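The values are calculated or read from the model by the stated rules, or taken from the named source; none is laboratory data. Small disclaimer: the values here were computed from a predicted structure and weren't measured. Here Cβ is always computed from backbone atoms with ideal geometry, including for glycine, and neighbour counts include all displayed protein chains.
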Amino acid sequence: MGRWQPDAAGRLAQAALELFAERGFEQTTVSDIASRAGLTERTFFRHFADKREVLFSGQSALKDALVSAIASAPDSAAPIAAVATALESVAAFFEENRDRARNRQAIISANPELRERDLIKLASLATSMADALRERGVPEPAASLAAEAGMAVFRIAFDRWVTDDGRPDLPGIIRESLGQMHAVTATAG
């Protein structure tokens, strides 16, 4: 495939996922990825800082979508309800790419360095959601608690969704998981 073909970033990401699945993350080089995509290493580095970023490149868009959804929630929405609305709104992106999400998660789960990077990403998203809640006037510690609880719900729901073919859609699992969190916290005392 020539370098002038469109969607270089998409081709690189697809090539990387294929190679990570075939060879493992550690055994795959940037050169391998670029070659599989029919591109140069230089083109790779125009789109990604390193091979890890192929797996985490959507973080900025995800953060923006979560923050925007929290900001757009009705003024009357409780903090956890605004977070729930945000989580459900971004779930559609993952629904459209379930196979990619499964492959990506399997690669991350198999590598301690990538698991650590994933946890850092989730912590960063929780911080951004807490910031968005504070912008809505939610005081501390309520803003941080709602954001952290929401991110925990999302992580658990996402793990259930990618590992079980019989599960309903991701927004449904998020709602179910939020309901379970409410039940657990209602009995705490």
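Name the residue, out of Glu22, Glu26, Glu88, that is assigned to a helix (DSSP H, G or I) and either farther than 30 Å from Arg175 by Cβ or outside the structural domain of Leu145 (by TED's automatic domain parsing) (or both). Even if it seems obvious, please write down each step before you answer.
Details: Glu26 fails: assigned to a helix (DSSP H, G or I); Glu88 fails: either farther than 30 Å from Arg175 by Cβ or outside the structural domain of Leu145 (by TED's automatic domain parsing) (or both).
Answer to the selection: Glu22.
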- Message: Going residue by residue through segment 16-38, is there one that turns out to be under 20 Å from Arg115 (Cβ atoms), of a type in the set (S, T, N, Q) and without any contact (Cβ under 8 Å) to a residue 24 or more places away in the chain?
- Response: yes
- Message: Looking only at segment 56-71, filter to residues that are over 10 Å from the mean Cα position of the chain (by Cα) and not small (Gly, Ala, Ser); which one of those is surrounded by the most Cβ atoms within 10 Å (Cβ to Cβ)?
- Response: Ile70
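Given the criteria among the β-branched types (Val, Ile, Thr), without any contact (Cβ under 8 Å) to a residue 60 or more places away in the chain and touching a Lys or Arg at 6+ places or on another chain (Cβ under 7 Å), does Ile120 qualify? Full working, then the answer.
Numbers: among the β-branched types (Val, Ile, Thr): yes; without any contact (Cβ under 8 Å) to a residue 60 or more places away in the chain: yes; touching a Lys or Arg at 6+ places or on another chain (Cβ under 7 Å): no.
No.
Only residues that are of a type in the set (S, T, N, Q) and in contact (Cβ under 8 Å) with a residue 60 or more places away in the chain: list them for segment 59-78, please. I'd like the intermediate steps shown before the answer.
Within segment 59-78, the first condition is being of a type in the set (S, T, N, Q), and the residues that meet it are 59-60, 68, 72, 76.
Of everything in segment 59-78, just one residue is of a type in the set (S, T, N, Q) and in contact (Cβ under 8 Å) with a residue 60 or more places away in the chain, namely Gln59.
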- Does segment 129-138 contain at least one residue that is surrounded by fewer than 17 Cβ atoms within 10 Å (Cβ to Cβ) and either touching an Asp or Glu at 6+ places or on another chain (Cβ under 7 Å) or under 22 Å from Phe56 (Cα atoms) (or both)? yes
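In the list Glu41, Glu53, which residue meets the criterion of being surrounded by fewer than 18 Cβ atoms within 10 Å (Cβ to Cβ), closer than 21 Å to Ile108 by Cα and of a type in the set (Asp, Glu)?
On the way: Glu41 fails: closer than 21 Å to Ile108 by Cα.
Result: Glu53 is the single residue among Glu41, Glu53 that is surrounded by fewer than 18 Cβ atoms within 10 Å (Cβ to Cβ), closer than 21 Å to Ile108 by Cα and of a type in the set (Asp, Glu).
Return the only residue of Ile108, Ile156, Ile174 being touching a residue at least 60 places away in the same chain (Cβ under 8 Å) and part of a helix (DSSP H, G or I). Outline the logic, then answer.
Numbers: Ile108 fails: touching a residue at least 60 places away in the same chain (Cβ under 8 Å); Ile156 fails: touching a residue at least 60 places away in the same chain (Cβ under 8 Å).
Of Ile108, Ile156, Ile174, the one residue that is touching a residue at least 60 places away in the same chain (Cβ under 8 Å) and part of a helix (DSSP H, G or I) is Ile174.
Residue by residue through segment 50-81, note down the ones that are closer than 21 Å to Ala101 by Cα and not in a helix (DSSP H, G or I).
Looking only at segment 50-81, we keep the residues that are closer than 21 Å to Ala101 by Cα, and these are 50-66.
Across segment 50-81, the qualifying residues are Asp50, Lys51, Arg52, Ser57, Gly58.
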- Task: Report yes if some residue within segment 132-148 is hydroxyl-bearing (Ser, Thr, Tyr), within 17 Å of the chain's Cα centre (by Cα) and outside any loop (DSSP other than H, G, I, E, B); otherwise report no.
- Result: no
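From the list Ala110, Ala101, Ala34, pick out the single residue that is at pLDDT below 95, more than 24 Å from Val138 (Cα to Cα), surrounded by 13 or more Cβ atoms within 10 Å (Cβ to Cβ) and more than 13 Å from the chain's Cα centre (by Cα).
Values: Ala101 fails: more than 13 Å from the chain's Cα centre (by Cα); Ala34 fails: at pLDDT below 95.
Sole residue among the options that is at pLDDT below 95, more than 24 Å from Val138 (Cα to Cα), surrounded by 13 or more Cβ atoms within 10 Å (Cβ to Cβ) and more than 13 Å from the chain's Cα centre (by Cα): Ala110.
Filter segment 150-174 down to the residues that are of a type in the set (Gly, Ala, Ser) and surrounded by 19 or more Cβ atoms within 10 Å (Cβ to Cβ), then identify the one that is farthest from Asn103 (Cα to Cα). Outline the logic, then answer.
Quick first cut of segment 150-174, residues of a type in the set (Gly, Ala, Ser) only: 150, 152, 157, 166, 172.
Restricting the remaining residues to those that are surrounded by 19 or more Cβ atoms within 10 Å (Cβ to Cβ) gives 150, 157.
Values: Gly150: 24, Ala157: 16 Å.
Residue satisfying both the conditions and the ranking: Gly150.
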